[in-house]
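Structure, as structure tokens:
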Amino acid sequence: MSKLGRIVASLPIPHVLRDRVDAQFDCIAPDRHLKTDEVIALANQHQPDGLLISLGMPMRAEHIAQLPASIRVMATTSVGYDHIDVAAANARGIIVCNTPDVLTDATADTHMLLLLGAARRAKEHVRNMDGGWKIRNGFFQGLGVEVTGKTMGIVGMGRIGRAVADRARGFRMPILYHNRTRLRADREGDARYFASLEDMLPLCQVLSLNLPGGQGVLMTAERFALLPRGAIFVNSARGSLVDEGALLEALKSGQVGAAGLDVFQKEPGYDTRLNELENTFLLPHIGSATVETRTAMAELALDGIVGVLAGQSPSNIIKV
Ligand code: GLV
């Protein structure tokens, strides 16, 4: 098979994909994650047809303007594309692809880990075990709150939101949701739709964020105040959706009883005051981080590049 063109990658290509990549492309790949400026320099040096990038590597209009004209496609190994100015890329004739669907289950699994970790005070108990189990909890000490049967409000009922709902149903949690549009009846099932987020918040014993980033701050002090006191807040979507100062205050006052967070305003330099609080359970943005899922994501991103360079219209092209 003749090669489809040249690509520059901003991340190392894992061994399992190396043969495939080498068969399809002339690939310039680093041995570490590159920064945006380094990728731009590499692209100008090698004049590739495609770019393979990842989260944490902003591609704003000013970066896109510096890319060589040879580039026809850019694929990100993420479902979220709030780090890319897709309109600016399209305006330069660059098609952008992402990795929908393949990370849905892994991310929903992580979401439940966050919920359970926050509700059951996992941080404190793991710390106790790390320290050799020096604290002996009495019968009424170290208690969390029950997840089973609590009402969960989901903001963003796309693929990941629906996968979270499926898992929550296994915990016998009634599901409420707020979404731009109401789901078709077969997708909605027993979930109850709220056109207004403000109407839903007072009913959410657990509030779950599952919507894309890039749409400003959704959870403000006013909205945290609308939750029932002690509600559990879970975010595996984007930190940019949350006013972290307001969340800190709500966690300190007990208005939010506990929070499970995989995403932060700033990553990796997150606000460590969140971790100093006992009622948080934090993970370093590992939503999709399983061997199976990360491999599938890289494959899908590469499929997008292959499709575009072969003159096809792959299903993972981002349309804005
Ligand atoms: C993860 O956050 C992703 O967007 O893939």
Residue within region 24-39 that is crowded, with 18+ Cβ neighbours inside 10 Å, away from the ligand (no atom under 16 Å from the Cβ) and of a type in the set (F, W, Y) present: yes
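I need the full set of residues from region 264-319 which are of a type in the set (V, I, T), over 18 Å from T77 (Cα atoms) and over 19 Å from the mean Cα position of the chain (by Cα), in order please.
Within region 264-319, T272 is the sole residue that qualifies.
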Some residue of region 281-291 being farther than 30 Å from I13 by Cα and surrounded by fewer than 21 Cβ atoms within 10 Å (Cβ to Cβ): no
Residue identified as within 13 Å of the ligand (Cβ to nearest atom), open to solvent by less than 10 Å² (accessible area, probe 1.4 Å) and over 17 Å from G213 (Cα atoms) among I53, I94, I64: I53
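Each row is one residue, and each column tells you yes or no for (1) within 16 Å of the ligand (Cβ to nearest atom); (2) among the charged types (D, E, K, R).
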{"position": "A106", "(1), (2)": "yes, no"}
{"position": "D109", "(1), (2)": "yes, yes"}
{"position": "L113", "(1), (2)": "yes, no"}
{"position": "A122", "(1), (2)": "no, no"}
{"position": "V126", "(1), (2)": "no, no"}
{"position": "G132", "(1), (2)": "no, no"}
{"position": "G138", "(1), (2)": "no, no"}
{"position": "L143", "(1), (2)": "no, no"}
{"position": "G153", "(1), (2)": "no, no"}
Candidates V320, V308, V263, filtered to the one that is open to solvent by 30 Å² or more (accessible area, probe 1.4 Å) and either in a strand (DSSP E or B) or of a type in the set (A, V, I, L, M) (or both): V320
Hits in region 59-84 (condition: in contact with a strand residue (DSSP E or B) (Cβ under 9 Å, 6 or more places away or on another chain) and either farther than 22 Å from L309 by Cβ or free of Cβ contacts under 8 Å to residues at least 12 places away in the same chain (or both)): R60, H83
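Scan region 136-169 for residues that are of a type in the set (G, A, S) and farther than 28 Å from L183 by Cβ and report the count.
Counting residues in region 136-169 that are of a type in the set (G, A, S) and farther than 28 Å from L183 by Cβ gives 3.
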Positions within region 106-152 being open to solvent by 90 Å² or more (accessible area, probe 1.4 Å) and part of a helix (DSSP H, G or I), in sequence order: R127, M129, D130
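Considering every residue within region 159-170, establish whether at least one is in contact with a helix residue (DSSP H, G or I) (Cβ under 7 Å, 6 or more places away or on another chain) and part of a strand (DSSP E or B).
Applying the first criterion (in contact with a helix residue (DSSP H, G or I) (Cβ under 7 Å, 6 or more places away or on another chain)) to region 159-170 yields 159-160, 162-164, 167.
Now restrict to residues that are part of a strand (DSSP E or B): none.
No, because not a single residue in region 159-170 is in contact with a helix residue (DSSP H, G or I) (Cβ under 7 Å, 6 or more places away or on another chain) and part of a strand (DSSP E or B).
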So F233, is it more than 16 Å from the ligand (Cβ to nearest atom), crowded, with 21+ Cβ neighbours inside 10 Å, among the aromatic types (F, W, Y) and part of a helix (DSSP H, G or I): no
Residue check, P228 outside any strand (DSSP E or B), at negative phi, in contact (Cβ under 8 Å) with a residue 12 or more places away in the chain and open to solvent by 50 Å² or more (accessible area, probe 1.4 Å): no
Selection count where residues are free of Cβ contacts under 8 Å to residues at least 60 places away in the same chain, within 16 Å of the ligand (Cβ to nearest atom) and hydrophobic (A, V, I, L, M, F, W, C), scope region 266-320: 1
One residue from S240, S208 being of a type in the set (S, T, Y), assigned to a helix (DSSP H, G or I) and assigned by TED's automatic domain parsing to the domain that holds A119: S240
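Table: residues versus (1) in contact with a Lys or Arg (Cβ under 9 Å, 6 or more places away or on another chain); (2) open to solvent by 70 Å² or more (accessible area, probe 1.4 Å).
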residue	(1), (2)
I175	yes, no
R184	no, yes
R192	no, yes
P202	no, no
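Pull up region 67-84, narrow it to residues that are within 16 Å of the ligand (Cβ to nearest atom) and part of a loop (DSSP other than H, G, I, E, B), then point me to the one that is nearest to L4 (Cα to Cα). Break it down stepwise before answering.
Initial filter on region 67-84 (within 16 Å of the ligand (Cβ to nearest atom)): 74-84.
The next check asks that each one be part of a loop (DSSP other than H, G, I, E, B); those that pass are 77-83.
Working: T77: 19, S78: 23, V79: 24, G80: 26, Y81: 25, D82: 28, H83: 27 Å.
Going through the qualifying residues, I end up with T77.
The values are calculated or read from the model by the stated rules, or taken from the named source; none is laboratory data. Please read these numbers as outputs of a predicted model, since none were measured by experiment. Because the Cβ atoms are built from the backbone with ideal geometry, glycine has one as well, and the counts that use them run over all protein chains shown. Heavy atoms of the whole protein, side chains included, go into the accessibility calculation; ligands, DNA and RNA do not. Shrake-Rupley method; radii C 1.70, N 1.55, O 1.52, S 1.80 Å.
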